[in-house]
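Data first, discussion second: the structure below is written as structure tokens.
The values are calculated or read from the model by the stated rules, or taken from the named source; none is laboratory data. For clarity, every value in this text was computed on a predicted model and none was experimentally measured. All Cβ positions, glycine included, derive from the backbone under ideal geometry; neighbour counts span all protein chains shown. Calculation scope for accessible area: heavy atoms of the full protein, side chains included, ligands and nucleic acids excluded. Shrake-Rupley method; radii C 1.70, N 1.55, O 1.52, S 1.80 Å.
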Amino acid sequence: MSRFPFAAAAAVFTFAAPAAMAGERSFTHEGVTYTYSITAKNKAQILAGRTSQGGEFRLSVKNGWVDGYVNDIHVSFRAPRERGPAQIAAR
């Protein structure tokens with residue numbers, strides 16, 4: 001899943017609002033659907049889920065970093081910066 005970090009970054013954007021923590025969420029990127037849930041643990045956001053291709057992932061987002069496992073492979077990358085409505089509108 002070499003495309004996963006990009007898709008994971010897209011998932012990180014979806015939990016910006018506290019209300020987003022309730023329930024299961026999903027999105028599709030390059031034909032692969034990612035379904036995941038978000039929980040809070042030790043000041044971190046935990047994204048855990050699976051892909052439509054059978055892959056599993058568990059990512060911890062804390063202090064500007066994403067760290068975790070995708071199909072038993074360790075991944076770590078800087079979390080995308082949150083963008084406010086004015087920044088998004090300026091694009």
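Condition check: surrounded by 14 or more Cβ atoms within 10 Å (Cβ to Cβ) and modelled with pLDDT of 90 or more. Does ALA48 satisfy that? Answer is yes for this residue.
The combined condition, being within 11 Å of the chain's Cα centre (by Cα), open to solvent by less than 100 Å² (accessible area, probe 1.4 Å), charged (D, E, K, R) and at pLDDT 85 or above, is not fulfilled by ARG58. I'd like the residue in segment 65-76 that is modelled with pLDDT under 90 and not hydrophobic (A, V, I, L, M, F, W, C) and, out of all such residues, is least open to solvent (accessible area, probe 1.4 Å). In this case the residue turns out to be ASN71.
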